[in-house]
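Right, one structure below, let's go through it.
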Amino acid sequence: MKPADIATLARGERTRQSILDAAEALFSAENYDAISIRNVADRAGVKFGLITYHFKNKENLFEAVATRKSLEITRRRTELLEALEAPGVNGILDAFMRPVVELLPLPEWRPYLRLISAIGGDPRWNWLAEKLFRDNSMTFVVALEKVMPGVPEEAIVRGFSYALSVLAGMTQYGAAMNVLTIESYATDDYQRIYATMLPFVTGGMEAIAEAHRARS
């Protein structure tokens, strides 16, 4: 390949990433329907036609934004799960949730994580959430089944979805989750919130197992 061709490809990729950055910022701050391709073009500082050149339409652009960082999250989750020497409910849930907690304070990650949280709460994007995260999530469900013998998969999936809802709330609202507590949080102290959240969701999952044991 000629140097000029390489330079052209590099410029094209930089433009594509700039568009994705702009779209990520906008989609994470506003409802999908409130954002237009024109808004993205203006934010990225590119011509309207470049958006449709790199991405067919707004839905295609949204999918690309959601996909871009998903593999990094699933990689981190999988590595933590595989590193567990003696897996238990707490460790398995921690391996799933901790990557989000660690990435959330980073400015370059916060918009994306809030976008993904919003996707999980909007039925129209069920297909996208399933495409990006279902396989990885089921790996954790299988891990939970091994440490919760006798508990039906359906109950474990339900409990796991509750844990996801709590994580999504932290991702969307951060320290605002603590408005009912006596102590006020001046900043988004995610690790401090997580120190309470992890045992909370672990206790809920273990309670599901205990309820099934009691009925057996």
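The values are calculated or read from the model by the stated rules, or taken from the named source; none is laboratory data. None of these values were measured; they are calculated from a predicted model. Note that each Cβ is placed from the backbone with ideal geometry, even for glycine, and that neighbours are counted across all protein chains shown. Keep in mind that these areas ignore ligands, DNA and RNA; they rest on the heavy atoms of the full protein, side chains included. Shrake-Rupley method; radii C 1.70, N 1.55, O 1.52, S 1.80 Å.
Highest mobility in the GNM of the chain, judged by mean-square fluctuation with C-alpha springs under 10 Å and restricted to Tyr190, Tyr32, Tyr53, is found for Tyr53. Determine, from the Cβ-Cβ distance of Ala211 and Asp33 and an R0 of 45 Å, the FRET efficiency 1/(1 + (r/R0)^6), rounded to the nearest 0.05. Rounded to the nearest 0.05, the efficiency is 0.65.
Rounded to the nearest 10 degrees, the angle from helix 110-120 to the longest Cα principal axis of the chain is 70 degrees.
Our analysis of the chain gives Rg over Rh at 1.05, with the two radii drawn from alpha carbon positions and Rh computed by the Kirkwood formula. So, R0 is 25 Å and r is the distance between the beta-carbons of Leu71 and Arg98; what FRET efficiency does that work out to, to 0.05? Step by step, r from the Cβ atoms, then E = 0.90. With R₀ fixed at 22 Å, the C-beta to C-beta distance from Glu13 to Tyr53 puts the FRET efficiency at about 0.95.
Largest GNM mean-square fluctuation across Thr74, Thr52, Thr202, computed for the chain with C-alpha springs under 10 Å, falls on Thr52. With the simple spin-label model, which puts each label point 7 Å out from Cα in the Cβ direction, the Ala86 to Lys131 separation comes to 4.3 nm. The spacing between segment 103-153 and segment 35-93, judged by their C-alpha centroids, is 13 Å. For segment 1-117, the Kirkwood hydrodynamic radius from C-alpha pairs, put into Stokes-Einstein at 10 °C and a viscosity of 1.306 mPa s, yields a diffusion coefficient of 99 µm² per second. Computed over segment 62-114, the quotient of the alpha carbon radius of gyration and 2.2 N^0.38 Å is 1.24.
Ligands, DNA and RNA left out, the accessible area of segment 1-155 computed with a 1.4 Å probe is 52% carbon and sulfur.
Just checking the listed ones, Leu106, Leu81, Leu20: in the Gaussian network model of the chain with Cα springs under 10 Å, the one fluctuating most is Leu106. For segment 74-107, run through the GluC sites (Glu not before Pro) and keep only the ones in DSSP coil with at most 12 other Cβ atoms within 10 Å of their Cβ. Those that pass, being in a loop and sparsely packed, are Glu85.
For segment 110-171, the percent of C-alpha pairs falling in each 5 Å distance bin, counted from 0 to the bin holding the largest distance, reads 4, 17, 24, 26, 17, 9, 4, 1.
Taking the C-alpha atoms only, the angle from helix 58-68 to the longest principal axis of the chain is near 60 degrees.
Computed from Cα atoms, the angle from the helix 89-103 axis to the main principal axis of the chain rounds to 30 degrees.
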